[in-house]
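See structure below.
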Amino acid sequence: MKKFICAVLMLCLFSFEGFSQDVRLNVYGSYAFADKFDSYWDVGNNYYYSGRIEDGFQWGGGLEYVVNDVVGVEVLYLRQDTNSPTRYSYSGFVDQRTNFDLGINYIMVAPARYFKAPSGNLEGFFGVMGGLVVAELYNPDNGNSNNATKMAWGLKGGGIMWGSERVGIKVQAQLLSAVQSVGGGFYFGTGGAGAGVNSYSSIYQFSLGGGLVFKLN
């Protein structure tokens, strides 16, 4: 995973070297709020799972090519290590409870629209995001682990205050959503291989934070 992310970022950097507009390195740190999820995939047998993605620190970085004064496109990576206390039932296992270890990796492409203040030291922005989430789940009750890759989308908005020509402070609010990020291929069982959960359940992660922006050219 880390090698793939580095390769994507390096490819973007080399691709941008020939352009005359801004290339920016963004470093992020945010607080991600908790979100609940639940799903019944067999109502007749009372098979279900419900739980929450705990809140926590979300960090990452990205490379952004600012095409002109109002449009930028970023390739970014975000990571959160958290827990997922979950209650579930399936095939003889009734009302089981496990506090799973969960790692969430977002790999996104994010175009943004910029709004510059007359002074030039302030920039507002609003953007959309699309890409993938790679979620890693570990069951401490039986030692099983699994991962799943799903589609993800998001929205972001905020502002940048430039302290100099090359360094700025970014403040932003962000919403990320992943379909089946906890279900679909993860094992929630407490014995043997467990049971594969294959139902649709989206999560929505809202975060507040920001970071630093560095102009590279």
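The values are calculated or read from the model by the stated rules, or taken from the named source; none is laboratory data. All of these numbers come straight from a predicted model, not from anything done at the bench. Cβ sites come from the backbone with ideal geometry, for glycine too, and all protein chains shown count toward neighbours. We work out accessible area using only protein heavy atoms, side chains counted, and drop any ligands, DNA or RNA first. Shrake-Rupley method; radii C 1.70, N 1.55, O 1.52, S 1.80 Å.
Structure summary
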| item | result |
| --- | --- |
| Every residue from segment 165-217 that is at pLDDT below 90, under 20 Å from Phe33 (Cα atoms) and either in a loop (DSSP other than H, G, I, E, B) or open to solvent by 20 Å² or more (accessible area, probe 1.4 Å) (or both) | Val179, Gln180, Ser181, Val182, Gly183, Ser201, Ser202, Tyr204 |
| Of residues in segment 80-95 being of a type outside the set (S, T, N, Q) and either outside any strand (DSSP E or B) or modelled with pLDDT under 95 (or both), the one surrounded by the fewest Cβ atoms within 10 Å (Cβ to Cβ) | Gly92 |
| Residue in segment 133-164 that is farthest from the chain's Cα centre (by Cα), counting only those that are open to solvent by less than 80 Å² (accessible area, probe 1.4 Å), modelled with pLDDT of 85 or more and among the hydrophobic types (A, V, I, L, M, F, W, C) | Trp162 |
| Residue within segment 99-110 that is part of a strand (DSSP E or B), surrounded by fewer than 18 Cβ atoms within 10 Å (Cβ to Cβ) and at pLDDT 95 or above present | yes |
| Residue pairs meeting the criteria (Cβ under 7 Å; at least 6 apart or on separate chains; first touching a residue at least 40 places away in the same chain (Cβ under 8 Å), in segment 134-145; second open to solvent by 70 Å² or more (accessible area, probe 1.4 Å) and among the β-branched types (Val, Ile, Thr)) | Val134/Thr149 |
| Criterion (within 20 Å of Val23 (Cβ to Cβ), open to solvent by 20 Å² or more (accessible area, probe 1.4 Å) and in contact (Cβ under 8 Å) with a residue 60 or more places away in the chain) met by exactly one of Tyr65, Tyr77 | Tyr77 |
